[in-house]
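The values are calculated or read from the model by the stated rules, or taken from the named source; none is laboratory data. Small disclaimer: the values here were computed from a predicted structure and weren't measured. As a convention, Cβ positions derive from the backbone with ideal geometry for all residues, glycine included, and neighbour counts pool all protein chains shown. Calculation scope for accessible area: heavy atoms of the full protein, side chains included, ligands and nucleic acids excluded. Shrake-Rupley method; radii C 1.70, N 1.55, O 1.52, S 1.80 Å.
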Amino acid sequence: MALNTSNTVGRGALSLSPRFLRAVLQTVLTVCVTFIGLLFVTFVIGRVMPIDPVLAVVGDKASEEIYQAARLEMGLDQPLYIQFAYYLGDVLRGDLGTSLLTARPVAEDIARVFPATLELATIATLFGVLFGIPMGVLAAVNQGRWPDQVVRVLGLFGYSMPVFWLGLIGLLVFYGVLGWVGGPGRLDIFYEGMIPQVTGAILIDSLIAGDLEIFANAVSHIVLPAAVLGYYSIAYISRMTRSFMLEQLSQEYITTARVKGISETQVIWRHALGNVLVPLITVIALSYAQLLEGSVLTETVFAWPGLGFYITNALLSADMSAVLGGTVVVGAVFVGLNLLSDLLYRLVDPRAR
């Protein structure tokens, strides 16, 4: 491999060939098919769950006439393929049903709570990138020595410890005993509703409002759940970075660079790491998607009013419209991030075109 591979990858990144465009169209088509499959699986789950959607609406004390009328109104007398066609059309129009718990459209509820999950997962992913990549590089450069062992043990703990246990311990130590962070929720009760919601992300909205006191309070509340959630991202990204770096450090161009007298810092951080940034894009995107969909327990422990907390409450209340709507949104985000990572991969690396 030539020594300037990373520079070669950068040149021509913006040249969009017909082959590249065809690949993009194929990817988009695959994503559309995947999304329809996701809707089908969600639809089937809603039908096999041991919860009668009619009873959830009319109640168990309704008469048989009311029950049958509601069943006809909901279209449950139709064959399953027709019901799925109606369900598909509703979702494509943005209609995810009405929540029994809030009596509002599920789409409106999700639009209200999803920014909190997005904010939490984004900061957790930043933790994963800022700490995971250097830790993975450090482990690869010191393969078999104590820094490598420390990083691998920390990664093992990240995969092994239950998130709810880690969250409870974090609350006990850093909030209950030391008082270094804020407690559950996004803000202290005193600050609730004091700033207008513009984006739904409390950190951004407080900065827009110019209220640094609320911003500081929001930071104190988000830092612990983001760190707990980000620990799993750190474990995943550091492990994958270590694996990619070990592969690159064994290549001939690394040996050639060292023989030519290039400093070890440039060899590692410019040439070796530069060539693993392309697959790392996919790793970071997948980690981000996993944090968005896997924040249910974290949000429950920290009473974080996000999508995971919303889905949990809906499930406990047998509110299947809200549960399935939230599931569809999480799946759509996961599919979208996969599409984005694939497109970025093709843009950055001309060999993938």
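Modelled spin labels at Leu172 and Ala103, positioned 7 Å past Cα toward Cβ, are 4.2 nm from each other. What you get for segment 207-353, charging only the Cβ of Lys and Arg (+1) and of Asp and Glu (-1), is a dipole of about 700 debye around the Cα centre. Taking amide H as placed 1.01 Å from N in the peptide plane, the amide H of Thr98 sits under 5 Å from that of Val106, each at least 5 places away or on another chain. Surface exposure of the chain, expressed per residue as accessible area with a 1.4 Å probe, stands at 53 Å². Seen from Phe190, the other residues with C-beta closer than 14 Å to its C-beta sum to a net charge of -3, counting Lys and Arg as +1 and Asp and Glu as -1.
Between Arg270 and Phe157, the distance separating the two model label sites (each 7 Å from Cα on the Cα→Cβ line) works out to 3.6 nm. The 1.4 Å probe gives accessible areas that order Lys61, Lys260, largest first, as Lys61, Lys260.
Spin-label pair Asp188-Gln78: with each label point 7 Å from Cα along the Cα-Cβ axis, the two points sit 5.4 nm from one another. Please work out the C-alpha center-to-center distance from segment 254-283 to segment 171-188 and express it in whole Å. Going from one Cα centre to the other spans 41 Å. The eigenvalues of the Cα gyration tensor, multiplied by 5 and square-rooted, give the chain an equivalent ellipsoid with semi-axes of 43, 28, 18 Å from largest to smallest.
Note on Arg186: accessible area is roughly 30 Å² with a 1.4 Å probe, heavy atoms of protein only.
Here the Karplus relation 6.51 cos²θ - 1.76 cosθ + 1.60, evaluated at θ = phi - 60°, turns the backbone of segment 174-183 into coupling constants of 7, 9, x, 9, 8, x, 7, 10, x, x Hz, with x for every Gly and Pro.
Split the accessible area of the chain by element, probe 1.4 Å, and carbon with sulfur accounts for 67%. Taken about its Cα centre, the chain carries a charge dipole of roughly 1840 debye when the Cβ of each Lys and Arg holds +1 and the Cβ of each Asp and Glu holds -1. Once Lys and Arg get +1 and Asp and Glu get -1 on their Cβ, which of Phe215, Tyr310, Met320 lies farthest toward the positive end of the dipole of segment 212-346? Comparing the listed Cα positions along the dipole, Phe215 ranks first. Ordering of 203-212, 241-250 by packing is 241-250, 203-212, highest average first (other Cβ atoms within 10 Å, averaged per residue). The length gained on full extension between Gln149 and Thr256, counted as 0.36 nm times the residue separation minus their Cα-Cα distance, comes to 35.7 nm. Look at the dipole of the chain built from charges on Cβ: of Gly261, Met245, Leu72, the Cα furthest out on the positive end belongs to Gly261. On C-alpha positions alone, give me the angle between the axis of helix 18-48 and the longest principal axis of the chain, in degrees, nearest 10. Orientation of helix 18-48: about 40 degrees from the principal axis. Projecting the Cα atoms of Leu154, Ile110, Tyr87 onto the charge dipole of segment 87-164 (Cβ charges, centred on the Cα centre) puts Leu154 farthest toward the positive pole.
Other residues within the sphere of radius under 13 Å centred on the Cβ of Phe84, judged by their own Cβ, net out at 0 (K and R +1, D and E -1).
Helix 146-160 and the longest principal axis of the C-alpha atoms of the chain enclose an angle of approximately 10°.
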